[in-house]
1. Name the residue that is nearest to the ligand (Cβ to nearest atom), counting only residues in the range 21-35 that are free of Cβ contacts under 8 Å to residues at least 24 places away in the same chain, charged (D, E, K, R) and under 18 Å from Thr153 (Cβ atoms).
2. Going through the range 313-339 one residue at a time, which ones are in a loop (DSSP other than H, G, I, E, B) and either within 13 Å of the chain's Cα centre (by Cα) or within 16 Å of the ligand (Cβ to nearest atom) (or both)?
3. Just to be sure I understand, how many residues within the range 36-82 are on the phi > 0 side of the Ramachandran plot and away from the ligand (no atom under 16 Å from the Cβ)?
4. Looking at Gly213, Gly184, Gly207, Gly221, which one is surrounded by 14 or more Cβ atoms within 10 Å (Cβ to Cβ) and at pLDDT below 95?
5. Checking the structure you have, find out if any residue of the range 341-354 is β-branched (Val, Ile, Thr) and either without any contact (Cβ under 8 Å) to a residue 12 or more places away in the chain or in contact with a Phe, Trp or Tyr (Cβ under 7 Å, 6 or more places away or on another chain) (or both).
6. So, Leu279, is that one more than 11 Å from the ligand (Cβ to nearest atom), modelled with pLDDT of 95 or more and within 30 Å of Gln325 (Cα to Cα) or not?
7. Pairs please, first residue from the range 223-246 and within 20 Å of Trp142 (Cα to Cα) and more than 16 Å from the ligand (Cβ to nearest atom), second anywhere and in a helix (DSSP H, G or I) and at pLDDT 95 or above, Cβ atoms under 8 Å, 6+ apart in sequence or on different chains.
8. Within the bounds of the range 293-301, is there any residue that is more than 12 Å from the ligand (Cβ to nearest atom), surrounded by fewer than 23 Cβ atoms within 10 Å (Cβ to Cβ) and farther than 20 Å from Gly11 by Cα?
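The values are calculated or read from the model by the stated rules, or taken from the named source; none is laboratory data. Since the model is a prediction, treat every value here as computed from it, not as a measurement. Note: ideal-geometry Cβ built from the backbone for every residue, glycine included; neighbour counts use all protein chains shown.
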Amino acid sequence: MIRTPVLVGLGAMVPPRVVDNEELSQRLDTDDHWIRTRTGITRRHWAGPGTATGDLAVTAAERALRSAGGGPVDMLILATSTPDHPMPATAPGVAARLGLGPIAAFDVSVACAGFVYALATAAGAIAAGIAERVVVVGADIWSTRLNPQDRTTAVIFGDGAGAMVLRAGAPDEPGALAGFDLGGDGTFKDLALVPGGGSRGRSEPDGAGKPDGTGEPDGMGEAGGIGEADEYVTMRGKEIFTHAVHRMGESSAQLLKKIGWSASDIDWVAAHQANVRILHTVAGLLGIDRARVLIHLDRVGNTSAASIPLALTDAAAHGRLAPGQRVLMTAFGGGLSWGSAALTWPPIQVSDVAA
Ligand code: COA
């Protein structure tokens, strides 16, 4: 029998500072009505100075391990696109702070689709006998990458972390992950992008820029500007919206077909929390009642790789998820990247996101 990943622990957190729409309206040309009606978001949490992605990840993972009742772990995978440093990966430090011992720990960088990719990676490691129990974390701090002048990104993103503990088990157990669908299309990579801080947009100590001012000293590369502003996220929101709806809808449908579930079997959709209009449109495409779609973004915004475990933790802590219910997860983000996963809900105890 194939060794199947089974969910045994769940936890999540958001940093304490709340930024509501009113606060953003005071410094940007926007207002609460626009943000609420166009995105569904009323507030989000932003990490304060001195708090890094790894700090949020540690707290979320601690809560997930507590929910799992402790026990050894032999792998930790962290989905993030806002690591503590360009090098090393953030995951080994998180594992060390959790006291997990000398285990395999690594980051996966797949933007807002990262958590589903990390889950699939964990599932592969379990199926291959590489790992018995894996902590999968999604954590991002996008608030430090937001251009303070850009109203389209500033209103959307929030910071947070969520984590699951998976163990090797059997497909008929509650908590078993039933399958995955993953995809990507790099031809649209510019739709959501942090241009600087990587090898294509090199920093220069004197800030003078490249010789011809184009950022392409040898004519070989793509434009690679320099400077602090290049480390802000840029986003073509309307186009992303269209791709997100199409890809999450298609990926979910592919997955349901693959595992033999129909839309009417789905009790809850835990989709990446980007925009309430995206979530409702995806539900419509799948023929699932929008009341079955978990909504958490109203209180936390788009928390990128953290959004699915955050939404699940919020729902579980408020008693909305019952053991045996069927849950569809689907995510979409920069890359472009997307992915879906499905599971039956296990009997687990979860503490509140803000606890
Ligand atoms: N406040 C007020 N007005 C705003 C605004 C804001 N925060 N942001 C944009 N606008 C304006 C635009 O400038 C535009 O004005 P114009 O008509 O005078 O040109 C108008 O609102 C409509 O802009 P548009 O981009 O068509 O809005 P939209 O309905 O598509 O909503 C997003 C914009 C970004 C909220 C929406 O496209 C979205 O959620 N996209 C997905 C983003 C996402 O998921 N990103 C993360 C994954 S990578």
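1. Asp31
2. Matches in the range 313-339: Gly334, Gly335, Leu336.
3. 4
4. On the way: Gly213 fails: surrounded by 14 or more Cβ atoms within 10 Å (Cβ to Cβ); Gly184 fails: at pLDDT below 95; Gly207 fails: surrounded by 14 or more Cβ atoms within 10 Å (Cβ to Cβ).
Of the residues listed, the single one that is surrounded by 14 or more Cβ atoms within 10 Å (Cβ to Cβ) and at pLDDT below 95 is Gly221.
5. Within the range 341-354, none of the residues are β-branched (Val, Ile, Thr) and either without any contact (Cβ under 8 Å) to a residue 12 or more places away in the chain or in contact with a Phe, Trp or Tyr (Cβ under 7 Å, 6 or more places away or on another chain) (or both).
6. The answer is no for Leu279.
7. Short answer, once both residue conditions are applied: Glu231/Arg145.
8. Taking every residue of the range 293-301 in turn, none turns out to be more than 12 Å from the ligand (Cβ to nearest atom), surrounded by fewer than 23 Cβ atoms within 10 Å (Cβ to Cβ) and farther than 20 Å from Gly11 by Cα.
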